[in-house]
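Every number in this text was worked out from the coordinates using simple rules, so none of it is lab data. Keep in mind that what you see is a predicted model, and the values were worked out from it rather than measured. Cβ coordinates were reconstructed from backbone atoms using ideal geometry, including for glycine residues, and neighbour counts include every protein chain displayed.
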Amino acid sequence: KEMERRIAGLWQEILGIDKIGIHDDFFELGGNSLNIVQLNGLLKKELDRDIP
C-alpha cells in the first residue's frame, strides 16, 4: 500500500491533480506520452531501479 501511495503522489505531481484514485486512468486524467517519460524518470529515482 505504501508503494501505491508513492506512485499516486508522483501522478499527482506530474498531472497537477490533488487526489488520484486506484482506478483512475493516467491518460484520462490528462497524462500524455511525455508525462510517461517524466514519470518513468521519477519512478527510477524514487525506487532506485530501472523500470522497463
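With Cβ to Cβ distances under 12 Å as the rule, what net charge do the other residues near residue 29 carry (K, R +1; D, E -1)?
On the way: positive: 19; negative: 18, 24, 25, 28.
That sum, taken over residues with Cβ under 12 Å, equals -3.
Extending each Cα 7 Å along its Cβ direction at residue 40 and residue 2, get the distance between those two points in nm, one decimal.
Reported label-point gap for residue 40 and residue 2 is 2.7 nm.
What residues have an amide H closer than 5 Å to that of residue 17, excluding those fewer than 5 places away on the same chain, when H is modeled at 1.01 Å from N in the peptide plane?
Under 5 Å from the amide H of residue 17: no residue qualifies.
I'd like to compare 32-39, 19-26, 4-11: which one has the highest average count of other Cβ atoms within 10 Å, and what's the full order after that?
4-11, 32-39, 19-26
Could you give each residue of region 28-38 its phi-based ³J(HN,Hα) in whole Hz, using Karplus coefficients 6.51, -1.76, 1.60 with θ = phi - 60°, and x for Gly or Pro?
5, 7, x, x, 9, 5, 5, 5, 5, 4, 4
Rounded to the nearest 20 Debye, what is the dipole magnitude of the chain about its Cα centre when Lys and Arg each give +1 and Asp and Glu each give -1 at the C-beta?
160
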